Structures are given as structure tokens and as C-alpha cells.
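The values are calculated or read from the model by the stated rules, or taken from the named source; none is laboratory data. Predicted model, so just to flag it, every value in this text is computed and none were measured. Cβ atoms come from the backbone with ideal geometry, glycine included; neighbour counts cover every protein chain shown.
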Amino acid sequence: MPPLSTIYGLISAAKGNIVTPEETSVGYVFSYQAKAVDLETIYEIEGLKAKSNVANREFLFDNELYLYLTNLDLESVFRRPHHPILLGRSTELAMIEEVKILELKEKTGVKVGKTLMPIPAKGFYGALQALPTHFSDEVNRKALGTKPFLMVEEMITTTENPVPFDEEKKWGVFLHQ
């Protein structure tokens, strides 16, 4: 599950400069078909010396990310991204398959999930993580907006407040504002 900082990093890469939560609210739904663990060579640097080591690295196969933005001016940056779009490391190159403007109408009693939700998230469950929402654009980047989130990996029917609903995908979208 990509954290919000990765989502804002994707938008920033497409735009060519830093995008923060003040510029757009985001919602997303992320899925994958399988996951596995591989071995990866890492390099530990100490002073002028480097030594290699092997670490387990989990990877996901056949990922899909549906990204929802409230700032419609950002539509054009996804049609011609300024930088490559990565889902984390430089080997995790992503493709943009479609960009379109949708009107999401608020609904209750719809399925929401496969996303991060801030605590408290009544009626939802998942692994708890303290994660930054975005990073500064300084040379030594600083994590900003760190707060607790639930990694909601399943679709769960909402019973509380109405949420924006994607009629085509038949799911609700939790918007981080």
C-alpha cells in the first residue's frame, strides 16, 4: 500500500515540482494480484568504504492505482509527465493508462477500502502505521504531516458518513484533505 507521501511524490514527479496537501486533496484505491519476496543486494556505506549485503525485499505483482484529485488543473500533468512515474524505487516504473475527469457524488452504504485512512476510522480495520503525508523540498528532505493511518486492504461497506462514489468502479473514495 503506497503511503500518502508516495502519492504526493507521484503527483510531484508528474508536475515537475513539489505538490503538497494544500494544493490538492487526494483519494486512491490500490490493488495487486500477488506478492513475493526476493533477495536484493544493498550497499552499506561507512565513510569511504562500502560493503554489500543481501536483504529480503517484498515486491508486488500486477499493481493498479486509481488516483483521485480535487485540483483539476493537475489533469494535464498526467497526460505529459515531467519525470518518470515510480511507485517507490527506481526499478518500480509505473504507466499512466488513463486520465479523465469524473464527477463523484456522495453516497452512504458503499464499499470503501484498499487505501489508507486516518485514525479514527469508525467501522474500518487494518494495520496501524505512523506515516508522513508528504516531504519538504529541501535538500535534506523532512517528513511532514506524520500521523497514524490504517492500511485498509479490503473493501468495507460504509455505514457512517457519505463518501464520494465512483459510479464506474462501484466504490467509494476516501479523500485525504
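The table for this structure:
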| read-out | value |
| --- | --- |
| Residue match in the stretch 46-69 (condition: among the small types (Gly, Ala, Ser), in contact with a Ser or Thr (Cβ under 7 Å, 6 or more places away or on another chain) and loosely packed, with under 10 Cβ neighbours inside 10 Å) | yes |
| Residue match in the stretch 16-39 (condition: out of contact with any Phe, Trp or Tyr (no Cβ under 6 Å at 6 or more places or on another chain), under 19 Å from His82 (Cβ atoms) and among the small types (Gly, Ala, Ser)) | yes |
| Subset of the stretch 45-68 (residues that are modelled with pLDDT of 90 or more, among the charged types (D, E, K, R) and either in contact with a His (Cβ under 7 Å, 6 or more places away or on another chain) or closer than 30 Å to Gly113 by Cβ (or both)) | Glu64 |
| Test for Tyr43: is it of a type outside the set (A, V, I, L, M, F, W, C) and either surrounded by 11 or more Cβ atoms within 10 Å (Cβ to Cβ) or in contact with a helix residue (DSSP H, G or I) (Cβ under 8 Å, 6 or more places away or on another chain) (or both) | no |
| Failed item, numbered, when Ser5 is tested on (1) over 16 Å from Thr115 (Cβ atoms); (2) of a type in the set (Gly, Ala, Ser); (3) part of a helix (DSSP H, G or I) | (1) |
| When residues of the stretch 84-111 are limited to those that are touching a residue at least 60 places away in the same chain (Cβ under 8 Å) and over 17 Å from the mean Cα position of the chain (by Cα), the one surrounded by the fewest Cβ atoms within 10 Å (Cβ to Cβ) | Lys105 |
